[in-house]
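One structure is given here, and the rest of the page talks about it.
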Amino acid sequence: MSAFLSPATRDAVERLLADDDASPAPLTRVGDIRTLLALLETEPAVLQGVREALSAGATWDEVAAVARLKPAAAKWRWQGTDDEIAARQEAGRKRSARPSSVPTDLPGYSVADAARRLGVTAQAVYLQISRGKLEAQTITLPDGRSYRRVMLP
């Protein structure tokens, strides 16, 4: 087992390899795989490798290409001090935990909901609206936000 992985990640890899031998329940296997993926996303060895590569002269474009990310995403994950990275990640978690600010009491359906109900793409819904086959309204709230709503028959 690789010495550069954290103990938690090594344990998850070993558990997954043991799953392979023991043929566990499918949901146990899925859970173990997802646990390993989550641990690998936050693996300290990755951050250390990025920092070493940058110190050796690698560019953010090269780091991003190896990580299969866009340069901005690579920088968001790994640029700065440990405290700066932790603060960005915490802010991202807070944003994703907030409830949607889209009102739920608007008339009709959103374009995405209408597309799902009709079994077509959102682009097809817009096309049907422009051709007059579907009725739609733009609802503007007092705070200035606007929402396109589709009135399905």
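Each residue of region 36-42 was assigned a 3J(HN,Hα) from its phi angle through the Karplus curve 6.51 cos²θ - 1.76 cosθ + 1.60 (θ = phi - 60°); the sequence is 4, 4, 4, 5, 5, 4, 10 Hz, with glycine and proline shown as x.
Spin-label model, residue 37/residue 68: points 7 Å from Cα along the beta carbon direction are separated by 1.1 nm. Taken about its Cα centre, region 109-151 carries a charge dipole of roughly 120 debye when the Cβ of each Lys and Arg holds +1 and the Cβ of each Asp and Glu holds -1. What is region 13-122 by shape, rounded, prolate or oblate, if you read a ≥ b ≥ c off the alpha carbon gyration tensor as root eigenvalues and call it rounded for a/c under 1.5, prolate for a/b larger than b/c, and oblate otherwise? It is oblate, given that a/c is not under 1.5 and a/b is not larger than b/c.
When only the Cβ of Lys, Arg, Asp and Glu is charged (+1, +1, -1, -1), the dipole of region 7-97 relative to its Cα centre reaches about 500 debye.
Multiplying the residue separation of residue 145 and residue 45 by 0.36 nm and removing their Cα-Cα distance gives an extension gain of 31.6 nm.
Full extension of the chain between residue 118 and residue 131 yields a length gain of 3.1 nm, computed as 0.36 nm times the residue separation minus the alpha carbon distance.
With each label modelled as a point 7 angstrom along the Cα→C-beta vector, the residue 22-residue 56 pair spans 3.8 nm. Between residue 42 and any residue 5 or more places off or on another chain, the built amide H atoms are never under 5 Å apart.
Across region 102-108, coupling constants 3J(HN,Hα) worked out from phi with the 6.51/-1.76/1.60 Karplus curve, θ = phi - 60°, read 6, x, 9, 9, 7, x, x Hz, and Gly and Pro carry x.
Reducing region 1-40 and region 65-89 to their Cα centroids gives an inter-centroid distance of 25 Å. Residues whose amide H falls under 5 Å from that of residue 135, counting only those 5 or more places apart or on a different chain, are 151, with hydrogens built in the peptide plane. Considering only 141, 123, 111, and ranking their Cα positions along the charge dipole of region 109-151 that arises from unit charges at the beta-carbon of Lys, Arg, Asp and Glu, the one farthest toward the positive end is 123.
Near the amide H of residue 110, within less than 5 Å, lie the amide hydrogens of 150, all on another chain or at least 5 residues away, with H placed in the peptide plane.
Bear in mind that the values in this text are calculations on the coordinates, not laboratory data. A quick note: this is a predicted structure, and the numbers were derived from the prediction, not measured. All Cβ positions, even for glycine, are placed from backbone atoms using ideal geometry, and neighbour counts span all protein chains on display.
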